[in-house]
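See below for the structure under consideration.
The values are calculated or read from the model by the stated rules, or taken from the named source; none is laboratory data. Bear in mind the structure is a predicted one, so any value in this text is a computation, not a measurement. For neighbour counting, all protein chains shown are included, and Cβ atoms are generated from backbone atoms with ideal geometry for every residue, glycine included. For the accessible areas, the whole protein counts, side chains as well, though only heavy atoms, and no ligand, DNA or RNA atoms are used. Shrake-Rupley method; radii C 1.70, N 1.55, O 1.52, S 1.80 Å.
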Amino acid sequence: FVVADGSGPKLFADRTGRFSLELSKGDIDGRRLLRASAADPAVFDDLSEDHQLKKGGLEVLGAWKAEPLDLVYNKPVRLGVKGPPPVPGKPRAFIYLWFPGKGPRPLWTRYDAAAGRYTAETRTNGYFLLAVDRAAPEVYLPPVQDFLVEEGPWLKLRVIAHDALSRVDSGAVSCFFDGEKLPARYDHDRRWIELDLPRETLAAGFHQLTVF
């Protein structure tokens with residue numbers, strides 16, 4: 001355990017130093033006993049389709065818990081997890097916050113190449129995962145009234161794309177309409193991909209839309 005009182009910087013980590021939380025002045029009120037430790041990955045076996053997790057879709061690289069589990073910080077604190085560097089063109093690792101009975105929540109994760117670790121911020125303690133989401137995002141058509149919208153000389157074509165585990169990488173979205181690659185935008189709030197098509201493009205007959 002580490003004793004912290006919010007008076008200044010404090011670092012607490014697991015025994016290996018692979019997982020750590022960095023506190024600064026004012027992050028907590030009063031004196032608290034804090035502990036970080038490795039967690040048995042088996043504790044996450046109950047993650048199920050109820051939480052939009054496809055079986056085998058999440059590759060867990062490490063699991064830890066920061067106690068007390070119910071501690072809420074006054075402001076975001078920085079956490080770090082040492083792990084293998086991202087590989088270009090391959091799914092990257094994210095840090096996830098998880099509580100029993102709830103789905104894992106991805107934290108905004110960056111990789112610090114100089115330190116060889118992934119970093120994120122959290123307002124709470126809990127269970128933390130370093131994991132790679134290998135399940136593809138869900139892609140499907142929205143309701144009819146949203147699927148195709150007229151706007152001047154253009155037709156806006158929309159497709160829902162959602163990934164509850166690691167969010168959709170908007171920079172990696174590619175769309176082909178009848179074999180031709182077209183510019184596409186991803187709206188994170190509405191969770192849809194939007195393409196602008198000239199009206200004459202959508203002639204009567206069959207058409208093919210491919211999303212990567």
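Take Val159 and decide whether it is free of Cβ contacts under 8 Å to residues at least 24 places away in the same chain and either at positive phi or of a type in the set (Val, Ile, Thr) (or both).
Working: free of Cβ contacts under 8 Å to residues at least 24 places away in the same chain: no; either at positive phi or of a type in the set (Val, Ile, Thr) (or both): yes.
When the stated conditions are applied, Val159 does not pass them.
Could you say whether any residue in segment 169-190 is open to solvent by 10 Å² or more (accessible area, probe 1.4 Å), modelled with pLDDT under 80 and either within 15 Å of Leu58 (Cα to Cα) or among the polar types (S, T, N, Q) (or both)?
The answer is yes; a qualifying residue exists.
Any residue in segment 11-36 that's more than 16 Å from Ile95 (Cβ to Cβ): show its pairings with residues that are hydroxyl-bearing (Ser, Thr, Tyr) and assigned to a strand (DSSP E or B) at Cβ separation under 9 Å, as long as the two are six or more apart or on different chains.
Once the first residue is more than 16 Å from Ile95 (Cβ to Cβ) and sits in segment 11-36, its partners that are hydroxyl-bearing (Ser, Thr, Tyr) and assigned to a strand (DSSP E or B) give Leu11/Ser20; Phe12/Ser20; Arg15/Ser37; Leu23/Tyr73; Asp27/Tyr73; Ile28/Tyr73.
Might you check whether a residue that is open to solvent by less than 70 Å² (accessible area, probe 1.4 Å) and of a type in the set (S, T, N, Q) occurs anywhere in segment 74-90?
Looking for residues that are open to solvent by less than 70 Å² (accessible area, probe 1.4 Å) and of a type in the set (S, T, N, Q), one finds none in segment 74-90, hence no.
Considering only residues of segment 93-114 that are part of a loop (DSSP other than H, G, I, E, B) and in contact with a strand residue (DSSP E or B) (Cβ under 7 Å, 6 or more places away or on another chain), which is most open to solvent (accessible area, probe 1.4 Å)?
Of all residues in segment 93-114, those part of a loop (DSSP other than H, G, I, E, B) come to 99-104, 107-109, 113-114.
Adding the requirement that they be in contact with a strand residue (DSSP E or B) (Cβ under 7 Å, 6 or more places away or on another chain) leaves 99, 104, 107-109.
Numbers: Phe99: 65, Pro104: 12, Leu107: 8, Trp108: 167, Thr109: 9 Å².
Step by step, filter segment 93-114, then rank; the result is Trp108.
If a residue counts only when it is under 18 Å from the mean Cα position of the chain (by Cα) and within 30 Å of Lys102 (Cβ to Cβ), which strands (runs of 3 or more DSSP E) contained entirely in segment 124-205 have at least 3 such residues? Quick ask: steps written out before the conclusion?
Values: elements: 126-133, 138-140, 148-151, 154-162, 175-177, 180-182, 185-187, 192-198.
Per the criteria, 126-133, 154-162.
Could you list all residues from segment 191-212 that are among the acidic types (Asp, Glu) and surrounded by 15 or more Cβ atoms within 10 Å (Cβ to Cβ)? I'd like the intermediate steps shown before the answer.
Taking segment 191-212 first, the residues among the acidic types (Asp, Glu) are 194, 196, 200.
Those that are among the acidic types (Asp, Glu) and surrounded by 15 or more Cβ atoms within 10 Å (Cβ to Cβ): Glu194, Asp196.
Starting from segment 123-141, keep only residues that are crowded, with 18+ Cβ neighbours inside 10 Å, then list their pairs with residues that are part of a strand (DSSP E or B) and of a type in the set (S, T, N, Q) whose Cβ atoms are within a distance under 8 Å, requiring at least 6 positions of separation or different chains.
Phe128/Thr122
Considering only segment 194-204, state which residues are farther than 11 Å from Leu157 by Cβ, of a type outside the set (D, E, K, R) and modelled with pLDDT of 75 or more.
Pro198
Return the residues of segment 103-116 that are without any contact (Cβ under 8 Å) to a residue 60 or more places away in the chain and either within 22 Å of Arg35 (Cα to Cα) or within 12 Å of the chain's Cα centre (by Cα) (or both); say none if nothing qualifies. Write out each step before concluding.
The initial filter retains those residues of segment 103-116 that are without any contact (Cβ under 8 Å) to a residue 60 or more places away in the chain, namely 105, 107-116.
Within segment 103-116, Arg105, Leu107, Trp108, Thr109, Arg110 meet the criteria.
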